[in-house]
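> A single structure is presented below for examination.
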DNA sequence: GACCGATTACTCGGATATGTCGTGTCCGAGTTCTACCGG
DNA sequence: CCGGTAGAACTCGGACACGACATATCCGAGTAATCGGTC
């Protein structure tokens, strides 16, 4: 049971976008450069977040991604579901109904006890994720990191991306 | 984030072993036949449970697996960890320290906020799993299923596995 | 100087290869039951 | 009739292929800024 790497990347990017400001746009290339990630693959995760309504994408020069709403209105559950997919980690294949000792359909009106127990634990997990938001994570991170991120993005913005000034 | 199929199989097998009785032994072949599963692969999962101390294995004719202790003393977390491995689903790769905008080591004394948040949710999940035991699941399943399982295993035990009686 | 249009460069977006882990299968080592032989 | 011994069959246990998903990458469609020309 390994979670996709994209979740970590997506969360860090959302936090960075929150620090920059809700209305500000950052391109995939900038985010990838900041964290040292493969830009093309990071783009894939950000696309998923845009499809889910967490981010908003804009094309062309000065384009990129921005938060769709305030950081306090974006839960971690949304980010995880957007990248990992909404399907539960534990999937019941109804083995109680298969094989020689299969239970008749009359006994299978309610979900099997094993699946119910696993689902209960997963609900607790999802509930905990829905309690925390991007704003919560931003608050628990050191202020110095936030300042550093804002400053770094400011610098890269002023620098012309096409060619470094020769002066 | 998909959980291994073996978790479902292992849980169902533990519940079945609990119904039969703590001291009773059932072979992999019998369990596989009851649930309609590939015996060789199911054996792999049961081996993992035996290594973790959840089950006890015995070789030779009349051999197989039995519960290592009372069903009320076996938590779902033990079963999940035995098969899935103890590593957490979310793994922090410390991307805050990599790339152009990397944070200095002085800021990384405590775990990064993203990892802490994800870990908190995962702790809630594991906590819920550790609350429930095989006995809990046994109690929430329909009694008819338990009776059916006990009866089915009794029948297959009396039948000689080598050759069916011709009479 | 201001407006308009074509160009250009940069962005996202999806389609395309590759690596790793879960899935499935096989055969060998060990142990217990059984049947046979001898006393 | 009882004990010992050799055989056989059944069990677990780990080593060996296959397939699916996550990972990684590339190229094309679209858009906004820019530059040049014209009024």
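> What are the distances, in nm and sorted shortest first, from the label point of residue A:41 to the label points of the same position in each other copy, with each label point placed 7 Å from Cα along the Cα-to-Cβ direction?
Once sorted, the set of distances for residue A:41 reads 2.7 nm.
> If the label for residue B:61 sits 7 angstrom from Cα along the Cα-to-Cβ line, what are its distances to the same label in every other copy, in nm to one decimal, shortest first?
Residue B:61 label point versus its equivalents elsewhere: 8.6 nm.
> Another one. Of B:95, B:20, B:83, which is the most mobile in a GNM of chain B whose springs link Cα atoms less than 10 angstrom apart?
B:95
> Oh, and also: Using a 7 Å offset from Cα along the direction of the beta-carbon, what are the separations from residue B:85 to the same position in each other copy, nm, ascending?
Here the equivalent label points are 2.0 nm apart from this one.
> Given a Förster distance of 25 Å, report the FRET efficiency between residue A:100 and residue B:143 from their Cβ-Cβ distance, rounded to the nearest 0.05.
With R0 = 25 Å, the Cβ-Cβ based efficiency is 0.80.
> For helix A:5-20, report the angle its Cα long axis makes with the longest principal axis of the Cα atoms of chain A; keep it between 0 and 90° and round to the nearest 10°.
Once rounded, one gets 40 degrees.
> Taking chain B as the reference, fit the longest principal axis to its C-alpha atoms, fit the long axis of helix B:39-51 to the helix C-alpha atoms, and give the angle between the two in degrees, 0 to 90, nearest 10.
Roughly 60 degrees, rounded to the nearest 10.
> I need A:96, B:110 ordered by Cβ neighbour count within 10 Å, fewest first.
In increasing order of surrounding Cβ atoms, one gets B:110, A:96.
> Okay, moving on. In chain B, what residue has the beta-carbon at the shortest distance from the axis of the rotation relating B to A, and what is that distance in angstrom, rounded to the whole number?
Result for the axis mapping B onto A: B:125, 2.
> Related question: Among B:105, B:141, B:50, which one shows the highest mean-square fluctuation when chain B is modelled as a Gaussian network with alpha-carbon springs under 10 Å?
Maximum fluctuation in the GNM of chain B, among the listed residues, is at B:105.
> If you don't mind, another one. For chain A, with a Gaussian network of springs between Cα atoms less than 10 Å apart, report the residue from A:114, A:123, A:54 with the top mean-square fluctuation.
Largest GNM mean-square fluctuation: A:114.
> Over the Cα atoms of the protein assembly as shown, what radius of gyration and what Dmax do you get, in Å?
25.8, 102
> Something else: In nm, to one decimal, how far is the modelled label at residue A:29 from the one at residue B:2, with both set 7 Å along Cα→Cβ?
The answer from the label model is 3.6 nm.
> Give the shape of the stretch B:1-45 as rounded, prolate or oblate, defined through the alpha-carbon gyration tensor: a ≥ b ≥ c are the square roots of its eigenvalues, a/c under 1.5 means rounded, and otherwise the shape is prolate if a/b is larger than b/c and oblate if not.
Oblate shape, in that a/c is at least 1.5 and b/c is the bigger or equal ratio.
> Over the stretch B:53-114, what lengths in whole Å, largest first, do the semi-axes of the equivalent ellipsoid take, defined as the square roots of 5 times the eigenvalues of the alpha-carbon gyration tensor?
45, 13, 8
> Between the helical axis of B:113-131 and the dominant principal axis of chain B, each derived from Cα atoms, what acute angle in degrees is found, rounded to the nearest 10?
20
> Next question. Could you give P(r) for chain B, binned at 5 Å from zero, as whole percent values over all Cα-Cα pairs?
1, 8, 15, 17, 15, 11, 8, 7, 5, 4, 4, 2, 1, 1, 0, 0, 0
> What does the extension gain come out to for residue A:136 and residue A:119, with contour length at 0.36 nm per residue minus their alpha carbon separation?
On the way: separation 17, 0.36 × 17 = 6.12 nm, distance 2.62 nm.
So the extension gain works out to 3.5 nm.
Bear in mind that the values in this text are calculations on the coordinates, not laboratory data. Only a predicted model underlies this, so the values are computations on that prediction, with no experimental measurement involved. With ideal geometry, Cβ positions are generated from the backbone for all residues, glycine too; neighbour counts draw on all protein chains shown.
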